[in-house]
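Worksheet for the structure shown next.
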Amino acid sequence: MAIAALIAFFMPLYAIIPWPLGLVRVHARARVPLLFILALSSALLGSVLGMATGVLAGWVAAQLLLVLAGWKIHASQIFRAVHYPRPATAEMRARLPGDTRVVLVELDGLRRAYPLNYVAQHHVVNDRLGVREIAVTFCPMCHTAVTFDTTGVGPLEVATLYNGNMVFSDVGTYTWWQQATGESMSGPLHPRALPLLFAEILTWDEALASQPDLEVITFTPKELLPFTLPVPGMMERMLASQFVPGIRRAEMDTRLPAREMILGIETVDGPAAWRKAALAQRGFLFDPDSKLLVVLRKGTVAAFHFPHAVAGEQPDVHNGVIADAKGNRWDLRGRSLNGGAPLRMVRVSEEYWFGWARFHPRTRLYADGPAHVTL
């Protein structure tokens with residue numbers, strides 16, 4: 001009975017083999033009551049058989065341990081969300097390596113940094129900036145970093161994997177939300193979408209250059225390590241393959257390999273994507289029609305609306321400075337270096353192709369060059 005609990009109810013098979021969403025919802029609702037029923041049934045059955053065989057203690061212990069294992073392998077227990085982390089001390093800030101990639105969130109004039117590997121280890125970091133609640137999230141399976149305004153919804157925690165992407169639930173109502181889009185899937189708050197917040201991913205040195213006293217959350221050395229699954233080598237083998245849990249091969253967009261890193265941008269004309277490898281070769285991409293400028297900065301990516309280029313000319317990007325033909329100059333965060341207006345940043349998602357294409361099925365793919373899009 002406990003083995004049935006372990007396999008049938010608590011190992012999320014639909015994360016690997018696609019199930020209809022209706023069955024997934026049943027699993028979500030039935031999981032906790034079934035755990036209680038199975039644990040009680042196991043104990044009662046163990047008592048009856050134990051009295052008959054004389055091994056009561058061992059039987060009951062084995063059954064309860066298996067049920068407990070079923071509980072512990074649930075995503076919410078393996079990947080524990082963080083709730084309202086403390087700011088790091090000055091000593092801890094000084095120990096954070098300068099090349100550490102951080103998620104920089106700015107809201108209502110307040111700014112805070114979250115080490116990207118820290119977010120990946122926990123998947124969800126719930127925090128409060130002023131009077132607003134936020135959730136900084138990262139799905140290692142599809143390499144998707146998204147920050148949400150959760151004011152009025154409350155803290156989030158990991159629920160499962162579906163469509164190759166993390167699903168989280170809010171603690172208050174257990175409504176399920178798809179991480180890639182912020183849209184609800186089921187629950188008391190469905191249908192609804194969590195507001196997306198603009199967040200930059202940059203190095204800690206870059207973040208400090210803009211604000212030397214920038215606050216970063218507390219961390220341990222282990223939380224700064226790259227994410228991997230509890231089973232040694234499993235994550236590495238999966239990332240080296242074209243297999244995506246929860247998505248049938250026939251349903252995948254094969255215009256690029258599943259885990260080709262792309263840059264996805266939502267435009268007025270619909271979603272568009274570029275190969276990151278093309279950006280790495282050139283250093284920047286510019287589309288004169290949309291005035292979209294995408295630049296590579298120390299391994300991270302930034303996108304801007306660049307209306308300053310005249311017909312037939314491209315901006316110049318060199319030594320960390322963006323310049324137009326008139327001599328106006330900006331740094332790689334869009335701040336003017338000679339007293340002009342800043343560049344407007346555009347949200348860009350750096351993720352695996354399969355994840356972007358799954359939730360943006362009509363994406364126009366520009367593999368190696370600029371696109372003709374409208375921002």
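The values are calculated or read from the model by the stated rules, or taken from the named source; none is laboratory data. Note that the coordinates shown come from a computational prediction; the quantities given were computed from them, not determined experimentally. Quick reminder, even Gly has a Cβ in these numbers, built from the backbone with ideal geometry, and neighbours come from all protein chains shown. In case anyone asks, the SASA skips ligands and DNA or RNA and just uses the protein heavy atoms, side chains included. Shrake-Rupley method; radii C 1.70, N 1.55, O 1.52, S 1.80 Å.
Among the residues of segment 181-217, write down those that are under 19 Å from the mean Cα position of the chain (by Cα) and of a type in the set (A, V, I, L, M).
Correct list: MET185, ALA193, LEU194, LEU196, LEU197, ALA199, ILE201, LEU202, VAL216, ILE217.
Report the residue count in segment 132-159 for those that are of a type in the set (Val, Ile, Thr) and surrounded by fewer than 20 Cβ atoms within 10 Å (Cβ to Cβ).
Of the residues in segment 132-159, 1 are of a type in the set (Val, Ile, Thr) and surrounded by fewer than 20 Cβ atoms within 10 Å (Cβ to Cβ).
Which residues, taken from segment 299-328, are polar (S, T, N, Q) and modelled with pLDDT of 85 or more?
Result: ASN328, single match.
Is there a residue in segment 113-125 that is closer than 27 Å to SER184 by Cβ, at pLDDT 95 or above, open to solvent by 50 Å² or more (accessible area, probe 1.4 Å) and part of a strand (DSSP E or B)?
no
Please work out if ILE247 is in contact (Cβ under 8 Å) with a residue 24 or more places away in the chain, in a strand (DSSP E or B), aliphatic (A, V, I, L, M) and open to solvent by less than 50 Å² (accessible area, probe 1.4 Å).
When the stated conditions are applied, ILE247 does not pass them.
Within segment 335-374, how many residues are crowded, with 18+ Cβ neighbours inside 10 Å, at pLDDT below 90 and assigned to a loop (DSSP other than H, G, I, E, B)?
Number satisfying all stated conditions: 3.
Being out of contact with any Cys (no Cβ under 6 Å at 6 or more places or on another chain), modelled with pLDDT under 85, under 16 Å from GLU351 (Cα atoms) and open to solvent by 40 Å² or more (accessible area, probe 1.4 Å) is true for just one of LEU279, LEU239. Which residue is that?
LEU239
Taking the condition of being in contact (Cβ under 8 Å) with a residue 12 or more places away in the chain and outside any strand (DSSP E or B), how many residues in segment 252-276 meet it?
So the answer is 11.
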